[in-house]
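FYI, it's all coordinate maths here, none of it is from the lab. Keep in mind the model is a prediction, meaning the values are calculated, not measured. Counting neighbours? That spans all protein chains shown, and the Cβs are built from the backbone with ideal geometry, glycine included.
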Amino acid sequence: MDNDIAPDRLAEQVRDWLAENWRGVDDREWREKVVLAGWAAPTFPENAYGLGLSKSLAQVVGAEFTAVGAPRACQDLGPGVVDGWVRMIGLVVALHGLPALREQFVRDLLVGDADGGLALYSEPNAGSDLAGLQTRAVLDGDHWIVNGQKVWSSGPLDSTWGALLARTDEDVPKHQGISFFIVDLQQPGVEVRPIKQITGDSEFNEVFLTDVRVPVENVVGEINDGWAILQVALGAEREWLGEYLESIGRTEETAGDHRSALAPIADGAADLVRAARRAGRADDSAIRQTIVQLHTWRLVHEWTTERLSSASDSAQSQVAAAALGKLASSRILHSVGRFKAQMLGPEAMLYGPENRTGDDVNREMMNAFTNSVGGGTDQIQRNIISERLLGMPRAHTPDRGVPFRDIRKGTTQRNISG
Amino acid sequence: MVSVFTEEHESLRSSLRAFFANRSPESEVRRLMATDEGYDRDVWRQIASELGLQGLIVPEEHGGSGYTWVELGVVLEEMGRALFCAPYFSTVVLATSCLLESGDTAAQKEYLEGIASGDVVGALAFVEASGRWDEAGIEMAATADGDSYRLTGEKLFVLDGHVADLVVVAARTGSSVSLFTVDKGAPGLTTRLTETLDQTRKVAVVTFENTPARLLGVEGAGWTTLSKVLDLAVVALAAEQVGGAQAALDMAVEYSKIRIQFGQPIGAFQALKHMLADVMLEVESARSAMHVGLAAASGHEGAELSAVAPLVKAYCSDAFELASHQNIQVHGGMGFTWEVPAHLYFKRAKSMAVFLGDSTQHRERLAGHLGL
């Protein structure tokens, strides 16, 4: 479709199409119709079930569907969890996948036949240094044979597909020998195990891959160009994640638990004050200082996030907002967790369903690590801030420019799910 | 909206930065800090006549330009960055706000035009031997003498008190506090310069011996006026502190790129990178607090000055202390020398951290606003 189309005319086309096709039932027939008409992902290319529309024109399409209550349009813009897969993995396959993969996988994803996936990126020995990953894919006729272990993949145990990063060339520096695949997880040699976290909960899996077969047409982008494909997927993930969190925030707002940037200064401190009151320590000057410090960190974090993300749309200020914000969050989450456990007194020694208070507070206290370790550790954020924002020199890295085969590596496998 | 600065403010900022780079380079700061007077009268007149800086928040009817605390914030941030030596904070932030907030139109008519033109330097004499920055710290008594009043006592930590043409004084009339004005040369008024940690900012002891004084504003309303002035002043100070903190961070980053040890610039070591990343987080956070403070000082909707001010003071003081401290640490041995200007920012930070009340005092004030 032509991006020069007037929004009014596009809206009219969508309305006509809806009048003819929408029967008020969100069944398989409907979903396939929406996908084949290009409405499910209007910004995707025309050869990948899209219309090649700009984001703003795609929003015109979305608005018409919303107006008549018809679902499944504009999954490429949505903030939902399933939309996330469309936006991250659907996008890179639509843009860089071979025709066979593109036609099947993007269609399955948009129709809803492939709504649960696993991101197979991190490894026991490739976390902060993801490009040091050691899962190998070796070509055997018209298939790649994959061996290795992945960790921190969130998604159902019976997921049908995975987005896999694997090493396809060991004789070049680490970033240059990685390829990106879509892999069928319903085959022998794939073992998905839940990881039991320090909280006792399981939200992530580890995935063992033994002689797993991936057809050659399932490579996304060029062989050995997987790192660049990953950057596209991660960029889309960040964009989606921001909107996803915002959509959750909006839900909270309607529940009266949201504060605008310049709401009264005291808003948002109630949990801290309540914890101190409950402990009978609201008059303790050391406790008062702590509460004010914690509350101040929360406020300036909100203000800085708003200031930097609205100040300009330059990539620089977006990086700044993300890295500084993540660092600020870590301090807040860990300190608030510690404070609430302190205020609980000996009850903070308890855990489990019979000790609701201890359980809640300790879970909050421990989950703070998901922010300071997950999605790039605090230390990686500090590297980003110092190198990309302050312009400090890059650290000396012994593996730069060295073929992957020759660099020092940790052991490949570590079973952490027991 | 947290951000208060527009493109016009950024253009004001760049012209001020160029001006201070030219008229207040490090060599000038060092020359002036070694003098008793502490500022250059020519430059003082120039910033009045050419830039209109003293009259920035003075209403147009009194010869000023009637701008808000947002514009003043830009000026103070740049002055803080340059460690500009002049009685600007005392005159424009402290004395001028007392005149404006007192609602005393006669006093405004008498002094504001001279302030805007650069002819009058002002000061605020408030703190006494107790060192308290609150109402209870004001013990000096004013006695009525016909239409006038007489002051006897000693005021400490008076910024630029030794060069002031106009001293605003807080004293007791009965049980409540009132504000007074005393002119330079008044009988019984003596000032004595104190040696200070931060030589770029002069502090005097001001003594009154049966000194005639005129009431400023309404008798007994002095603390109402003064508490508002102090809230405005800590926000203004925050702008200076953010300017100074950013300058200290910039210095540290630059030095880390050129200092070579172990065969590489020390800025390549994560020990320093992570330290300065943490400093950047504090400086950017302080900047956000400053924006919100300036919005509140300018009466923008939603920001309540009396609640915002203590937060801003505590945060920006802490951030400037950290940034200037780590700047010395990054400079190593050179940071401990008189020659490298890192100590100038550090001393400004340490001195301003306790000026107008320290961080713990302001956090305790904020605790009250949180219902504690």
* Please list, or write none, the lysines whose alpha carbon is within less than 27 Å of the alpha carbon of A:Lys33, excluding same-chain residues fewer than 8 places away. => A:Lys55
* Report the GluC sites (Glu not before Pro) located in the range B:27-135 that are in a DSSP loop and have at most 14 other Cβ atoms inside 10 Å of their Cβ, or state none. => B:Glu37, B:Glu50
* Surface/4 of the Cα convex hull for the range A:117-231, nm² -> 6.9
* Asked: So what's the projected area for the range B:7-117, the Cα convex hull averaged over all directions, in nm²?
  -> 6.8
* In nanometres, what is the gap between the two model label sites at A:Glu347 and A:Gln176, each 7 Å from Cα along Cα-to-Cβ? -> 6.1
* Straight-line reach from B:Lys313: which lysines have Cα under 25 Å away, leaving out those fewer than 8 places along the same chain? -> A:Lys326, B:Lys155, B:Lys202, B:Lys228, B:Lys347, B:Lys350
* **Whole-Å semi-axes of the protein assembly as shown's equivalent ellipsoid (Cα gyration tensor)** => 60, 29, 26
* Asked: How are the C-alpha pair distances of the range A:7-111 spread across 10 Å bins, as whole percents from the shortest bin up?
  -> 16, 52, 28, 3
* Asked: Once Lys and Arg get +1 and Asp and Glu get -1 on their Cβ, which of A:Asn383, B:Val29, A:Pro398 lies farthest toward the positive end of the dipole of the protein assembly as shown?
  -> A:Pro398
* **Contact order relative to length of the range A:117-231, as percent, for alpha carbon pairs under 8 angstrom and 6 or more apart** => 30
* the range A:269-299 and the range A:359-374: distance between their alpha carbon centers, rounded to Å -> 19
* Asked: Along the three principal axes, how long is the range B:224-369 when you take its alpha carbons, biggest first, rounded to the nearest angstrom?
  -> 59, 28, 23
* Asked: Within chain A, what's the longest stretch lacking GluC sites (Glu not before Pro) that sit in DSSP loops with no more than 16 other Cβ atoms inside 10 Å?
  -> A:1-169
* Estimated FRET transfer efficiency when R0 is 30 angstrom, pair A:Thr357-A:Gln379 (beta carbons, to 0.05) -> 0.35
* **Relative contact order [Cα under 8 Å, 6+ residues apart], the range B:122-220, whole percent** => 32
* **Cα-centred dipole magnitude for the range A:7-111, charges only on beta-carbon of K, R (+1) and D, E (-1), debye, nearest 20** => 180
* How high is the FRET efficiency between A:Thr160 and A:Glu203 when r is their beta carbon distance and R₀ equals 25 Å, given to the nearest 0.05? -> 0.85
* **Hydrodynamic radius (Kirkwood) for the range B:122-220, which is based on Cα pairs only, to one decimal in Å** => 13.3
* Using Cα positions and a limit of under 16 Å, work out the lysines in reach of A:Lys174, with same-chain residues fewer than 8 apart set aside. => A:Lys409
* **Along each principal axis, Cα extent of chain A, largest first, Å** => 69, 60, 49
* With a cut-off of at most 11 other beta carbons within 10 Å, and DSSP calling the residue loop, which GluC sites (Glu not before Pro) in the range B:308-372 qualify? Please list them. => B:Glu339
* **Inter-part distance where the range A:104-181 and the range A:384-399 are each reduced to a Cα centre, Å** => 28
* Cα-derived Rg to Rh of the range A:260-389, Kirkwood definition -> 1.04
* Asked: Going out from 0 in 5 Å bins, what whole percent of all Cα-Cα distances in the range A:100-139 drops into each bin?
  -> 6, 19, 15, 14, 13, 20, 12, 0
* To do: Enumerate the whole-percent occupancy of each 5 Å bin, from 0 to the last occupied one, for all C-alpha pair distances of the range B:165-216.
  => 5, 18, 24, 21, 15, 11, 5, 1
* Structure fact -> Dividing the mean separation of Cα pairs under 8 Å (6+ apart) by the residue count of chain A yields a relative contact order in percent of 13
* Taking N as its residue count, the alpha carbon Rg of the range A:267-339 over 2.2 N^0.38 Å -> 1.33
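In Å³ and rounded to a whole number, note down the convex hull volume per residue for the Cα atoms of the range B:194-303.
Working: hull volume 16.6 nm³, N = 110.
Considering the Cα atoms of the range B:194-303, their hull volume per residue is 151 Å³.
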* To do: Quick one: give the max-minus-min coordinate of the C-alpha atoms of chain B along each principal axis, largest first, in Å.
  => 78, 48, 40
* **Restricting the range B:189-287 to GluC sites (Glu not before Pro) in coil, as DSSP defines it, with at most 12 other Cβ within 10 Å** => B:Glu195
